[in-house]
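Reading through the structure tokens given below for one structure.
The values are calculated or read from the model by the stated rules, or taken from the named source; none is laboratory data. On a predicted model such as this, the values are computed, not experimentally measured, just so you know. Here the Cβ is made from the backbone with ideal geometry for all residues, glycine too, and neighbour counts use every protein chain on show. Ligands, DNA and RNA are excluded from the accessible area calculation, which covers all protein heavy atoms including side chains. Shrake-Rupley method; radii C 1.70, N 1.55, O 1.52, S 1.80 Å.
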Amino acid sequence: MNELALAIPWLGKRHPAAARWVVVAIALGAPLIAILFGKTWVRILDFAMLYVMLAIGLNLVVGFAGLLDLGYIAFYAVGAYTFAFLASPHFDIHLPFWIVLPMGAGFAALAGIILGLPTLRLRGDYLAIVTLGFGEIVRIFLNNLNHPINITNGPQGINMIDPLVLFGWDISRPVKIGEDITINSLFLYYYVFLAFVVLSIILVQRLQISRVGRAWAAIRDDELAAKAIGINTRNMKLLAFSLGATFGGVAGGLFAAFQGFVSPESFSLMESIAVLTMIVFGGMGNLAGVIVGALALTALPEVLRHVAVPVQQAVFDRVILDPEVLRMLLLSLAMILMMLLRPSGMIPAYSRYSRPELVVGKAAGEARK
Amino acid sequence: METLLQQTVNGLVVGSVYALVALGYTMVYGILGLINFAHGDILMVGALVALEAIRLIQLHAPDLGLIPTLLAGLSVSVLVCMLLGYTIERTAYRRLRNAPRLAPLITAIGVSFLLQTIAMIIWGRNYHTFPQLVSTTPLEPVAGVFITPVQVAILVVSALLMVALVLLVNKTRLGRAMRATAENHKVASLMGVDTNKIIAATFVIGSGLAAVAGVMFSSNYGIAHYAMGFMPGLKAFTAAVLGGIGNLGGAMLGGLVLGLVESIGAGYIEDLSFGFLNSSYQDIFAFLILGIVLIFRPTGLLGERVADRA
């Protein structure tokens, strides 16, 4: 749990216990503070949790195993569309979420294996391009598989997806306590997502210090040496790929249920890049960094949206940079500047299991010229 | 048969645009071992700058003929893109030259999106109609095959540029220095080659070619758009890998082959898949080829020296 404390570096180094409690308090109290600024902010927090899950999953692939995956959002799409197919009026199938979500995760893992089997012997930048291509292929299929047989409903996407129903309790409906207190469903989603995030963190942390995690670190740092000491590099890389994909699949299923609507637009290359930027920004290979990165880069564009737009209105009488442009600008600049100025991220990895300079260093798996 | 011939012509035209862009990828990769993700976006900047320049010329000097206007617009855009390529190399990539390899790659992705965002700010999200200064009405059909003057121009100009580039690389001092740098930075600089200058020159030449390709692409399809560089960029990269990355002839061959496969494939995909897939899946061919080449022959069609890099 030390990594949790490191989310607040200045406190975490001296008083890890205190820092840990602060993190827990923030995690539990965040929506209560957010609601003071309006419901939108709770919604943003919900999305932030999904991005945290994605970032944790991608970090497993890029940060731990050193495989640059630029098509990660495709697994998110697989999870989301599985949920949409099996729990919506589209095919008129309404399976409960505890069946659909694992199925989504399973299909995503399968997609990871299918993509990984032929490509994982490629190294570094080639892998990046092939995974990018895979992401695009998935999107092209989602966009066009509406004829001759309508499977994905094309660019319109699928709507009216069933919400999460936990033990017969539909969490998309507000809960009434007494006469005047109602708890908005956005809060309920937040805590459900938070539970998933906590579960992911524990899982990934256990994984990182396990035999598997050490094998990944070895492969990332020097693939040849890893092979020489008897690590089955192909299987280990496949495992990283499919496990990372599983996180994407789960996040995708949650996303579909939360939003009630999926369309190919949500799974563009820009989203893959956004998640990658989050882990680059926070600190590749370091769980706390990755989480902080995901939170910061989900929240920051929204803050800008609410600050920059009125400011522009006031100063120029019109909006020159709309929020979407601002987000892209922020993400691309973050990526460039982080690489130039602070390549190990805002919160660099500290343990002997995760050394980001090596993540960045040997992911290409070869000596420099 | 006529469809086949027609699609072959179309494929050659598109393929020669890919080839020009692929040359930029392959030169940079040959020298730096870097996939310059932003290369496709330089094509986009080239097209949009040319569009803007042509608009201005038509506004202020409407009497200038069509071809001089196009040439003026083209030269402005080539110059702007060369400057852009130099700036990117200087500010972003040079500092990372000795950094671990994932760092420049991620930076390049960032530069690519930054260029798109800036273009979106300047030119908006809309598709712009690109002025058709060279006619796009088909000439008299030969053997049932239609070809437009702009397609002829594309074929001729790209052939000329490729010949010029090959001559530059193989016959001039600069070219020799480039080859030496690609072979081995350290030794080249010991032999008195200013490798920094040579690398900058490579980016400048590649960006110039991309600008020309951008103008051709937009002239052929009649549109320009802030995100138009992504697909041609990716396909050109595929072409470079297909031909054998780092190899000039390979990039040209790869571009043409990819253009042909794509356009002939798009013509027949509906029959091949029994009506299940249609030509909106055209973009998939490039990725399939890329995957297949990387898996079965990572050195590409003509490559031999990159076996250790794949």
| Amide hydrogen neighbours beyond the local backbone of B:Ile223, cut-off 5 Å, H modeled | B:Phe130
| said: Among B:Leu5, B:Ala266, B:Pro232, whose Cα projects farthest towards the positive end of the dipole of segment B:2-296, with charges put on the beta-carbon of Lys, Arg (+1) and Asp, Glu (-1)? | reply: B:Pro232
| task | Would you work out if chain A is rounded, prolate or oblate? Take a ≥ b ≥ c from the square roots of the eigenvalues of the alpha-carbon gyration tensor; rounded if a/c is under 1.5, else prolate when a/b is larger than b/c, oblate otherwise. | result | rounded
| What residues in segment A:101-130 lose 20 Å² or more of accessible surface when the other protein chains are added to their chain alone (1.4 Å probe)? | A:Pro118, A:Arg121, A:Leu122, A:Arg123, A:Asp125, A:Tyr126, A:Ile129, A:Val130
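Summing +1 for each Lys or Arg and -1 for each Asp or Glu, what net charge is found among the other residues whose Cβ lies under 15 Å from the Cβ of A:Arg327?
With Lys, Arg at +1 and Asp, Glu at -1, the neighbours total -3.
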| said: Give me the tail of P(r) for segment B:2-296 as a percent: Cα-Cα pairs with distance above 35 Å. | reply: 18 percent
| task | With a 1.4 Å probe and all protein chains in place, put B:Leu79, A:Leu269 in order of accessible area, largest first. | result | B:Leu79, A:Leu269
| For the protein assembly as shown, with the dipole built from +1 on Lys and Arg beta-carbon atoms and -1 on Asp and Glu ones, taken about the Cα centre, which of B:Ser135, B:Ala72, B:Phe203 lies farthest toward the positive end? | B:Phe203
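Got a sec? What order do A:Leu330, A:Leu32, B:Leu258 fall in by accessible area at 1.4 Å, biggest, i.e. largest, first? Working shown, then result.
Numbers: A:Leu330 45, A:Leu32 105, B:Leu258 0 Å².
Largest accessible area first, the list is A:Leu32, A:Leu330, B:Leu258.
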| Placing +1 at every Lys and Arg Cβ and -1 at every Asp and Glu Cβ, with all other atoms neutral, what dipole size does segment A:198-299 have around its Cα centre, in debye to the nearest 20? | 440 debye
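All other residues with a Cβ under 15 Å from the Cβ of A:Phe85 taken together, and with Lys, Arg as +1 and Asp, Glu as -1, what is their net charge?
Numbers: positive: none; negative: A:Asp92, A:Asp162.
In short, -2.
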| task | Go ahead and set up a Gaussian network model of chain B, Cα springs under 10 Å, then flag whichever of B:Asn220, B:Asn36, B:Asn196 fluctuates most. | result | B:Asn196
| note | Note, B:Leu84: beta-carbon cut-off 13 Å, +1 each Lys/Arg, -1 each Asp/Glu, net -1
| request: Would you kindly derive the ³J(HN,Hα) couplings of segment A:196-213 from the backbone phi angles with the Karplus curve 6.51 cos²θ - 1.76 cosθ + 1.60 (θ = phi - 60°), listing them in order in whole Hz, with x for Gly and Pro? | output: 4, 5, 4, 4, 4, 4, 4, 4, 5, 5, 4, 4, 4, 8, 7, 4, 4, x
| task | Just give me a number: lysine pairs in the protein assembly as shown, eight or more positions apart or cross-chain, with C-alpha atoms less than 28 Å apart. | result | 17
| note | Most fluctuating of A:Val192, A:Val250, A:Val280 in the GNM of chain A (C-alpha, under 10 Å) is A:Val192
| task | Considering only B:Ala251, B:Ala99, B:Ala210, give the residue with the highest GNM mean-square fluctuation for chain B, with springs between Cα atoms whenever their separation is below 10 Å. | result | B:Ala99
| said: Excluding ligands, DNA and RNA, what is the accessible area buried between chains A and B, summed over both sides, using a 1.4 Å probe, to the nearest 100 Å²? | reply: 4700 Å²
| note | Rounded to a whole %, the carbon-and-sulfur portion of the accessible area of chain B at a 1.4 Å probe is 68 percent
| Roughly how many debye, to the nearest 20, is the charge dipole of segment B:2-296 about its Cα centre, given +1 on each Lys and Arg Cβ, -1 on each Asp and Glu Cβ, and no other charges? | 1320 debye
| request: Would you rank B:Glu183, A:Glu223, B:Glu262 by solvent-accessible area, highest first, keeping every protein chain in place and using a 1.4 Å probe? | output: B:Glu183, A:Glu223, B:Glu262
| Which Cα, out of B:Val169, B:Val293, B:Ala180, lies furthest along the positive dipole direction of chain B (beta carbon charges, K/R +1, D/E -1)? | B:Ala180
